[in-house]
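Enquirer: Following this message is one structure expressed as structure tokens.
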Amino acid sequence: MPEKISLPAKLINGGVAGLVGVTCVFPIDLAKTRLQNQQGRSIYTGMFDCLIKTIRSEGFFGMYRGAAVNLTLVTPEKAIKLAANDFFRNRLTQDGKELTLVREMLAGCGAGTCQVIVTSPMEMLKIQLQDAGRLATQKAISVDGATAVPHQTAATATQKPSALLITKELLRTQGISGVYKGLGATLLRDVPFSIIYFPLFANVNKLGVRSSQEKAPFYHSFLAGCFAGSVAAVAVTPLDVLKTRIQTLKKGIGEETYNGITDCARKIWVNEGPSAFMKGAVCRALVIAPLFGIAQVVYFIGIGEYILGYFN
């Protein structure tokens with residue numbers, strides 16, 4: 001018989017893990033989004049250049065644009081992702097035997113499919129907020145011409161969008177489908193990511209388990225999460241670029257618009273070359289590695305079980 005799992009505890013663990021992880025790595029995620037959206041003339045030459053220019057033009061908290069949306073929705077997103085993987089692994093286990101690689105991949109596939117219910121609208125809103133500063137900077141540069149890094153007044157001249165205003169406008173003009181724009185691209189990214197990440201993490205983490213232990217040490221789980229997360233993140237970066245471009249509603253001066261995944265892939269290939277599909281790969285690895293390393297440590301510590309046990 002498969003081991004019984006406490007779904008509420010798993011949901012709490014996933015939620016806490018997501019909050020801690022996102023708080024730590026959000027500025028790098030913002031740089032990733034802005035780098036992936038660059039077409040033609042580049043405003044940013046890399047991650048550090050993007051972060052420095054963001055601080056200069058938008059202030060320190062400019063690096064946290066869209067963080068409120070992420071922190072609000074990352075709890076259900078991470079909770080669903082991690083809990084669903086545990087659920088499917090549990091259901092796919094037969095007679096207490098270890099899962100085969102195929103079954104581990106199926107469990108990851110199920111987790112990735114479930115999470116897009118929250119991931120797609122979260123990413124949609126987050127991207128608009130994260131990219132607003134890049135568009136304002138591009139506009140300021142086009143006006144100034146000679147100014148490499150616009151002053152704060154120039155870059156923030158346009159009204160800052162909010163998640164609530166964006167959501168209201170999308171619902172008013174496009175209905176629920178507007179909020180879920182890019183759902184197919186999100187599935188195309190998240191399902192392969194989970195298929196790669198969860199089996200890789202489980203097998204690397206297993207190497208740290210000694211015969212006298214039930215779990216690997218927390219530091220081994222952290223390193224296993226970082227390794228598996230970075231490998232999966234880099235592997236699906238081209239799909240993440242497609243998703244980011246499709247979900248970006250406002251385009252900069254002279255930037256392409258896209259009619260679906262195939263059109264987006266074709267235009268990127270023709271106009272920017274194959275290397276454009278790996279834009280933000282380093283940033284993405286730097287975001288996902290600690291995010292999942294932290295998540296797995298929090299998850300394996302069992303904070304949810306502790307909280308529920310305290311109230312019981």
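The values are calculated or read from the model by the stated rules, or taken from the named source; none is laboratory data. A quick note: this is a predicted structure, and the numbers were derived from the prediction, not measured. Note that each Cβ is placed from the backbone with ideal geometry, even for glycine, and that neighbours are counted across all protein chains shown. Just so you know, the surface numbers come from the protein's heavy atoms only, side chains and all, with ligands and any DNA or RNA stripped out. Shrake-Rupley method; radii C 1.70, N 1.55, O 1.52, S 1.80 Å.
Enquirer: Rounded to the nearest 0.05, what FRET efficiency is calculated for Arg172 and Lys250 with R0 set to 25 Å and r the Cβ-Cβ distance?
Expert: 0.90
Enquirer: Also, quick follow-up: What is the Cα centroid distance between segment 118-137 and segment 79-105, reported in whole angstrom?
Expert: 33
Enquirer: Give me the 1.4 Å probe accessible area per residue for the chain, excluding ligands and nucleic acids, in Å². Write out the running numbers ahead of the final one.
Expert: Numbers: 14850 Å² over 312 residues.
Counting only protein heavy atoms, the per-residue value for the chain is 48 Å².
Enquirer: More than 13 angstrom separation, counting every C-alpha pair in segment 18-82; what % is that?
Expert: Result: 65 percent of Cα pairs exceed 13 Å.
Enquirer: Something else now. Pull up the cross-link candidates among the aspartates and glutamates for Lys267, meaning alpha carbon to alpha carbon under 16 Å and not fewer than 8 places away within one chain.
Expert: Correct list for Lys267: Asp240, Glu255, Glu256.
Enquirer: While we're here: With an 8 Å Cα cut-off and a minimum separation of 6 or more residues, compute the relative contact order for the chain in percent.
Expert: Rounded, it is 27 percent for the chain.
Enquirer: OK, next. Using a 1.4 angstrom probe on the protein heavy atoms only, could you order Ile52, Ile12 from most to least accessible area? Walk me through the numbers before you get to the answer.
Expert: Numbers: Ile52 85, Ile12 50 Å².
Largest accessible area first, the residues go Ile52, Ile12.
Enquirer: Going down the table (Lys32/Lys81; Lys139/Lys279; Lys126/Lys250), which pairs top 19 Å between alpha carbons? Walk me through the intermediate numbers first.
Expert: On the way: Lys32/Lys81 22 Å; Lys139/Lys279 22 Å; Lys126/Lys250 13 Å.
Those over the limit are Lys32/Lys81; Lys139/Lys279.
Enquirer: Over all directions, how big on average is the projection of the convex hull of the alpha-carbon atoms in segment 71-143, in square nanometres? Before the final figure, lay out the partial values.
Expert: On the way: hull surface 26.1 nm².
The Cα convex hull of segment 71-143, projected and averaged over all directions, gives 6.5 nm².
Enquirer: If the cut-off is 12 Å between C-alpha atoms, which aspartates and glutamates fall inside it for Lys168, apart from same-chain ones fewer than 8 positions away?
Expert: Filter leaves no residues.
Enquirer: Assuming 0.36 nm per residue, please report the length gained on full extension of the stretch Thr257 to Arg41 beyond their Cα-Cα distance.
Expert: Answer, rounded to one decimal: 76.1 nm.
Enquirer: Could you tell me the extents of segment 265-312's C-alpha atoms along the three principal axes, largest first, rounded to whole Å?
Expert: 60, 17, 10
Enquirer: Given labels modelled 7 Å from the Cα in the Cβ direction, how far is it in nm from Met278 to Gln94?
Expert: Taking the two extended label points, one gets 4.0 nm.
Enquirer: Using the Karplus curve 6.51 cos²θ - 1.76 cosθ + 1.60 with θ = phi - 60°, what ³J(HN,Hα) values do you get for each residue of segment 300-305, in whole Hz, with x for Gly and Pro?
Expert: These are the phi-based 3J(HN,Hα) values: 7, 5, x, 4, x, 5 Hz.
Enquirer: Would you mind calculating the gained length between Asn203 and Ile301 on full extension (0.36 nm times residue separation, minus the Cα-Cα distance), in nm to one decimal? Spell out each step's value before the answer.
Expert: Working: separation 98, 0.36 × 98 = 35.28 nm, distance 1.84 nm.
Gain on stretching Asn203 to Ile301: 33.4 nm.
Enquirer: What translational D, rounded to a whole number of µm²/s, comes out for the chain from Stokes-Einstein when the hydrodynamic radius is the Kirkwood one over Cα pairs, at 37 °C and 0.692 mPa s?
Expert: It comes out at roughly 161 µm²/s.
Enquirer: Over segment 2-92, calculate the relative contact order: mean separation of alpha carbon pairs under 8 Å at least 6 apart, over the residue count, as a percent.
Expert: Averaging sequence separation for qualifying contacts and normalising by length gives 52 percent for segment 2-92.
Enquirer: Computed over the Cα atoms of segment 185-312, what is the convex hull's projected area averaged over all directions, in nm²?
Expert: Spelled out: convex hull of the Cα atoms, projected over all directions, averaged, 10.6 nm².
Enquirer: Moving on. Which value, to two decimals, describes the C-alpha radius of gyration of segment 1-134 once divided by 2.2 N^0.38 Å?
Expert: 1.31
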